[in-house]
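Structure first, commentary second.
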Amino acid sequence: MGERSMGVDRREFLKVATAGAGLTLAGVSKASAEVEPSKAPAVRSGQAPDVVVVGAGSFGMWTSLYLNRLGAKVTVVDPYGPANSRSTSGGETRGVRTSYGDRIHGPLWTRLAHDCIRRWTEWDEQWADAMLPRVFFNTGDLIMREELTPYMEDTRAQWDDLGIEYEVISADEIKRRWPVINTETVGAALYEPGAGVVRARRAIESVAQVFRNEGGEIRMGRAGMGSSSGGRLNNLTLEPGGSISGQIYVLALGPWFPKFLPELMGKRIRIGMGYTFYFGPPPGDNSYTFPNLPSYGIPGCTGWPALGRDHRGFRVRTGGRAAEDPDLSDRWVDSDSFERPRKILADWFPGLADAPLLETRACHYESSVDRNFIVDKHPDYDNVWLAGGGSAEGFKFGPFLGEHIAKRVLDIEHDPELVENFALSEEEFSDEEREGRRRRDPGESGKG
């Protein structure tokens, strides 16, 4: 993943972590570069784990990979395993773009998202020889509106500040490049050529495979908070039986946060359900497949072309329903919800108006009070970290967040801007806010 960084000596890690101080070692730069993967798998069986990570989604798996590369022995615990269909990371695809003019913390996210596009590209390049499937597709991203909006203006300003390539593109030019798009209502448009789409489930499966190959362990089981003493968590309970202990614990729980830590997170996280639809392009017509069409953002909806190799279909995301228990909720989309994506196709991509619906996905999202990520210590435990609050965008930041969280956990890095931005907010949602926002979350930003 780039330049080589010094690993952490295991004996020093155990000594410092056991004392409750994390990891601060002479000779390890706090501004160290990205960590190069191990040249050969490490064999670490029969030892108690140094770090236990609960959750095998995007936050959990990327963090575990980087912790492992920094010298910790890592065990991941998840009741269903990496990329399972209940997880937010278990969907088929996720967009990766830098257009965050609608966020208070947009300038930070724009910078980090731009870095993640590079990281996703390098991941594919790095593991191509190992026959891992390609996960990132550089589609470009096209934002279309009836008129120039504050969101578009602020996005342009952020792009200008960071020198990110983009185009202000006319309806005529859109029609020339991508004639299948209906531009009758387009009065303003922006095109980001560096943006793309990631195969979400495939990506997490790949990260988990590399993690295992480099010595990490993944255990199936449902974790719960165990015993504690002196402000430190001693262990986690496991179902169907037993427990697991470590020096440090990272809770990367996604929409399970309110259920796992109801008193702390019950009113700091809200969960919603988003709907995605995959439609079949006409046989023999490649106009709706990568690389012949960009991903797109229109009011209340995002989508992208069909991707190889499996060509799931042309993707439309819109609408959703109130969230339920992520362990028990049905992951289907009722036929009553089919009308809106059909109308979007008729309005914007009329050649697909009668296209067959190949499959649907219903996916949980979780949002924090300030709609930013959470990377912070549990207020009651010195050795427990919280990592989550994806706010419908966290997946695409996985390659950066994994390294950042790992270095925070091991006390290697303390970027003041990131520490402040990712702190656990003291604010809480009211019951009315949580219930009301749940209904709007899935289509709130028109992204995803």
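Per-structure values
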read-out	value
Gyration tensor over alpha-carbon atoms, the stretch 177-240, equivalent ellipsoid semi-axes in Å	48, 19, 12
Neighbour-count ranking [beta-carbon atoms within 10 angstrom, fewest first] of 198, 76	198, 76
Residue-wise HN-Hα coupling along the stretch 96-103, computed from phi with Karplus coefficients 6.51, -1.76, 1.60 (Hz; x: Gly, Pro)	10, 9, 10, 8, 10, x, 9, 10
Ratio Rg/Rh, restricted to the stretch 118-183 and using Cα atoms, in which Rh is the Kirkwood radius	1.10
³J(HN,Hα) computed for each position of the stretch 270-285 - Karplus, 6.51 cos²θ - 1.76 cosθ + 1.60, integer Hz, glycine/proline x	10, 10, x, 10, x, 10, 10, 10, 10, 9, x, x, x, x, x, 9
Packing rank of 377-383, 213-219, where each peptide gets the mean count of other beta carbons within 10 Å, highest leading	213-219, 377-383
Rg ratio (alpha-carbon, reference 2.2 N^0.38 Å) - the chain	0.97
Sorted by Cβ density within 10 Å, fewest first, the residues 430, 337	430, 337
Largest to smallest principal axis extent of the C-alpha atoms in the stretch 212-281, angstrom	58, 38, 23
From the C-alpha gyration tensor of the stretch 328-419, square roots of 5λ in Å	40, 16, 11
Per-peptide average of other Cβ atoms within 10 Å, ordering 277-283, 170-176, 69-75, 206-212 highest first	69-75, 206-212, 277-283, 170-176
³J(HN,Hα), Karplus 6.51/-1.76/1.60, whole Hz, each residue of the stretch 212-225, x for Gly, Pro	5, 4, 9, x, x, 10, 10, 10, 8, x, 9, 8, x, 5
Calculated [θ] (222 nm, deg cm²/dmol) that DSSP helices of n ≥ 4 give over the chain, each run adding -39,500 (n - 2.57)	-8000 deg cm²/dmol
5 angstrom amide H check on residue 218, placed H, neighbours 5+ away	76
For the stretch 55-156, alpha-carbon Rg relative to the globular expectation (2.2 N^0.38 Å, N residues)	1.33
Span per principal axis, largest first, for the Cα atoms of the stretch 145-271 (Å)	65, 37, 29
Across 73/377; 73/407; 267/343, pairs whose alpha-carbon gap is larger than 26 Å	267/343
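Bear in mind these aren't lab numbers, they're just calculated from the coordinates by the rules spelled out. Bear in mind that the values here come from a model prediction, so they are computed numbers and not experimental data. Quick reminder, even Gly has a Cβ in these numbers, built from the backbone with ideal geometry, and neighbours come from all protein chains shown.
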